[in-house]
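Trainee: Okay, handing you the structure first.
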Amino acid sequence: MSDKDSLLLILDLDETLIHASSTELGRPADFMLFGYYIYQRPYLKEFLTSCSQYFKLAIWSSASDDYVVEVAKRIVPASIPLEFVWGRSRCTYCFNNLAFEESGHANYHSHYDYLKVLKKVRRYGYDLNKVLIVDDTPAKSKRNYGNAIYPEEYTGQPHDSELLLLLAYLMQLKDTTNVRSIEKRDWRNRIDLLKERGM
């Protein structure tokens, strides 16, 4: 697949690729930044290296712009080009009304969130049929139905293997011409299913 035809894979940072803690987690951090102990998710380098062979990569986090740039410098190998590195200033700060069930009754939790709205990516010439966004927080990508993949939150567990599962799933999507046509909910259980269908 040529670079022109490659899918764009947009990756979140905190609780997706790394965990930032104000205190140490009982083992040395990978690095410190702005007073935080930063722990890289296990298999991060292998994940980024493998993905870079098949996808165009970008970083988009709702954290402060300077933090995002500095984290990206430290976790992404210099040999891997990034399409863009975006922080909070590229997010849309708006009212977020979330519905959830509690004791059989529908309830609503309202607050403001920094949302990642993919139409901003489209303005830069990217076809949204060929864009995937990976974020542990569905609320921040709720307007990206069809493009979003939600991994489990990473809180510093040393034996986490979520990136290996995610990589296996992404490898099955790398040649897709329209990612929005593929059901991604419960994606972990769809890895073998997609293989069976030859996708």
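Trainee: How far is it, in nm, from the label point at residue 21 to the one at residue 112 when both lie 7 Å from their Cα along the line to the Cβ?
Mentor: Those two pseudo-labels are separated by 3.1 nm.
Trainee: For 88, 27, 41, what ranking results if the residue with the fewest other Cβ atoms within 10 Å of its Cβ goes first? Show your work: numbers first, answer last.
Mentor: Values: 88 16, 27 10, 41 22.
Lowest to highest Cβ neighbour count: 27, 88, 41.
Trainee: Could you point to the label whose value was computed as Cα Rg over 2.2 N^0.38 Å for the structure here, given (i) 1.11; (ii) 0.96; (iii) 1.03?
Mentor: (iii)
Trainee: Report the calculated FRET efficiency for residue 70 and residue 153 (r = Cβ-Cβ distance, R0 = 22 Å), to the nearest 0.05.
Mentor: Values: r = 22 Å, r/R0 = 1.00.
That pair, residue 70 with residue 153, gives E of 0.50.
Trainee: Next up: Please arrange 47, 34 by counting, for each residue, the other beta carbons lying within 10 Å of its beta carbon, fewest first. Show your work: numbers first, answer last.
Mentor: Numbers: 47 19, 34 12.
Fewest to most other Cβ atoms nearby, the residues stand as 34, 47.
Trainee: Now, a different point. Could you work out the local net charge near residue 162, counting Lys and Arg as +1, Asp and Glu as -1, over the other residues with Cβ closer than 12 Å to its Cβ? If you can, show how the numbers build up before the last one.
Mentor: On the way: positive: 41, 188; negative: 15, 136, 152, 153, 160.
Once positives and negatives cancel, what remains is -3.
Trainee: Okay, next question. Taking only C-alpha pairs under 8 Å that are 6+ residues apart, what is the relative contact order of the chain in percent?
Mentor: Reported as a whole number, the value is 24 percent.
Trainee: Additional query: Ranking 123, 74 by Cβ neighbours within 10 Å, fewest first, what do you get? The partial results should precede the final answer.
Mentor: Working: 123 8, 74 12.
Exposure proxy ranking, most exposed first: 123, 74.
Every number in this text was worked out from the coordinates using simple rules, so none of it is lab data. This is a predicted model, so every value here is computed, not measured. Note that each Cβ is placed from the backbone with ideal geometry, even for glycine, and that neighbours are counted across all protein chains shown.
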